[in-house]
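Before any comments, here is the structure.
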Amino acid sequence: MLKVGLTGGIAAGKSVVGEMFIGLGAHLVQADRIAHELMRPGEAVYNEVVRHFGREILNRDLSINRAKLAEAAFGSDESNRASRVQDLNRIVHPAVIRSQEEWMHAVALQDPKGVAIVEAALLLEAGAGKRFDRLIVVTCTAEQRVVRFAARQKIDLETARSEVVRRMAAQLPDEEKIKAADFVIDNSGSLESTREEVHSIWNRLRSEAG
């Protein structure tokens, strides 16, 4: 089985690309969904996140409010931002990586010649790049990130721009991600253009997996 990492900066279009790969026959899991599961009340990651960031990040039903957690980690106080983000990553990343490994092991048993893709925004930042046979990086223009993030979050462009800049500060720049990539998908054009790139890469991945 071929293990593939799929990554890229915020709002680059990783999920769109991931859906295209699924349509071609890939197995795919999203690191963000794993993190959601691990942050459910009662889970060890949940308990540690709440202990570290305080009960102010909780909703009334005691679930973690993702927006409040993001504000606590990426908030406007730049002096402590790096350490807060590192603390959050230290709590969440190891558990997410363990879950990814378990998932890939299960896929390998089910489909020994398949392609298993892990979609993760902070794949390289978490030091997980070497766990994969191939790495795909999705890119787009800086302004497209802002427009897409604004549409996704239903916020105005200026608020979106500020939030994108803030979150990108915790991520490696595209130039660094591209250096580590086996394949780069330019998602700044039409969906059809992106689909053609995905199809071309898929043929190579299937060939390697088989």
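The values are calculated or read from the model by the stated rules, or taken from the named source; none is laboratory data. Because the structure is predicted, anything quoted here is derived from the model rather than measured. A quick note on method: Cβ atoms are made from the backbone with ideal geometry, for glycine too, and the neighbour counts reach across all protein chains shown.
Please verify whether the range 66-89 includes one or more residues that are of a type in the set (Val, Ile, Thr) and in contact with a His (Cβ under 9 Å, 6 or more places away or on another chain). The answer is no; no qualifying residue exists.
Contact map, the range 110-129: residues that are over 15 Å from residue 94 (Cα atoms) paired with residues that are among the small types (Gly, Ala, Ser) and exposed (fewer than 15 other Cβ atoms within 10 Å of the Cβ), Cβ distance under 9 Å, separation 6+ or inter-chain. Pairs shown: 113/210; 114/25; 115/25.
Residues in the range 137-151 that are touching an Asp or Glu at 6+ places or on another chain (Cβ under 8 Å) and either over 15 Å from residue 172 (Cβ atoms) or assigned to a helix (DSSP H, G or I) (or both): 140, 149, 150.
Taking the criterion of being touching a residue at least 60 places away in the same chain (Cβ under 8 Å) and more than 18 Å from the chain's Cα centre (by Cα), the residues of the range 150-197 that qualify are 191, 194, 195. Scanning the range 183-210 for residues that are in a helix (DSSP H, G or I), buried (at least 17 other Cβ atoms within 10 Å of the Cβ) and not aliphatic (A, V, I, L, M) yields 194, 197, 202. Within the range 107-128, is there a residue that is within 26 Å of residue 197 (Cα to Cα), over 19 Å from the mean Cα position of the chain (by Cα), modelled with pLDDT of 95 or more and in a helix (DSSP H, G or I)? Checking the range 107-128: at least one residue is within 26 Å of residue 197 (Cα to Cα), over 19 Å from the mean Cα position of the chain (by Cα), modelled with pLDDT of 95 or more and in a helix (DSSP H, G or I).
When residues in the range 157-189 are screened for being among the polar types (S, T, N, Q) and either modelled with pLDDT under 95 or at positive phi (or both), 3 of them pass. In the set (1) over 30 Å from residue 203 (Cα atoms); (2) surrounded by 15 or more Cβ atoms within 10 Å (Cβ to Cβ), residue 133 fails one condition alone, (1).
Would you check if there is a residue in the range 92-101 being surrounded by 15 or more Cβ atoms within 10 Å (Cβ to Cβ), small (Gly, Ala, Ser) and either more than 30 Å from residue 204 (Cα to Cα) or free of Cβ contacts under 8 Å to residues at least 40 places away in the same chain (or both)? So far as the range 92-101 goes, yes, one or more of its residues are surrounded by 15 or more Cβ atoms within 10 Å (Cβ to Cβ), small (Gly, Ala, Ser) and either more than 30 Å from residue 204 (Cα to Cα) or free of Cβ contacts under 8 Å to residues at least 40 places away in the same chain (or both). Among the residues of the range 48-55, is there at least one that is more than 27 Å from residue 3 (Cα to Cα), part of a strand (DSSP E or B) and touching a Leu at 6+ places or on another chain (Cβ under 9 Å)? No, the conditions are met nowhere in the range 48-55.
Per the conditions (1) assigned to a loop (DSSP other than H, G, I, E, B); (2) under 20 Å from residue 17 (Cα atoms); (3) hydrophobic (A, V, I, L, M, F, W, C), the sole criterion not satisfied by residue 155 is (2). Filtering the range 65-86 to residues that are touching a helix residue (DSSP H, G or I) at 6+ places or on another chain (Cβ under 6 Å) and of a type outside the set (Lys, Arg) leaves 65, 69, 72, 73, 74, 85.
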